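The values are calculated or read from the model by the stated rules, or taken from the named source; none is laboratory data. Because the structure is predicted, anything quoted here is derived from the model rather than measured. Every residue, glycine as well, gets a Cβ built from its backbone with ideal geometry; the counts of neighbours run over all protein chains shown. Side chains are part of the model used for accessible areas, which takes the heavy atoms of the whole protein and leaves out ligands, DNA and RNA. Shrake-Rupley method; radii C 1.70, N 1.55, O 1.52, S 1.80 Å.
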Amino acid sequence: MAILVHAVLDGITAEQYDTLNARLQSTPEIFDGCLAHACVSTESGLEIFDLWESEGKMQAFAEKMMPVATSLGWPDGPRPRVAEVHNHWVPGAAG
């Protein structure tokens, strides 16, 4: 079942995000199972919204991503909110 992940990253800058994202993009297989991703700037930092095929795929990503984020000085933050998705679709896509 697909899940939506919402992470609130107070104190993280767009520059810090861009650095982490560039590092992760060098191993694109890390994103296996990610259906969509959006990063939004807020007054206090960033918010991340991800749509994953399953919680297992998201956990596999997190296990690989977190050591990279930690090596870049990202602090441990609150756990993201995870919710089961009732329905999702992409405009213009078959199915």
Exposure ranking of Phe61, Phe49 by accessible area [1.4 Å probe, largest first]: Phe49, Phe61
Taking a label point 7 Å from the Cα of Asp10 along the Cα→Cβ vector, which residues of segment 57-90 have an amide N closer than 16 Å to it? 75-81
How big is the gap, in Å, between the Cα center of segment 73-91 and the Cα center of segment 1-53? 9
Surface per residue (accessible, 1.4 Å probe) for the chain, Å²: 68
Extension gain Cys39-Glu55, at 0.36 nm per residue separation less the Cα-Cα distance, in nm? 3.8 nm
May I ask which residue of Gly73, Ser54, Ser44 lies farthest towards the positive end of the charge dipole of the chain, with charges of +1 (Lys, Arg) and -1 (Asp, Glu) on Cβ and the Cα centre as origin? Ser54
Within-11-Å neighbourhood charge of Pro80 [Cβ basis; K, R +1; D, E -1]: 0
Take Trp74, Trp52 and sort them by solvent-accessible surface of the protein heavy atoms, 1.4 Å probe, largest at the top. Trp74, Trp52
For a bin width of 10 Å, list the pair-distance distribution of the chain built from all Cα-Cα distances, rounded to whole %. 15, 48, 31, 6, 0
What percentage of the solvent-accessible surface of the chain, computed with a 1.4 Å probe over protein heavy atoms, is contributed by carbon and sulfur atoms? 55
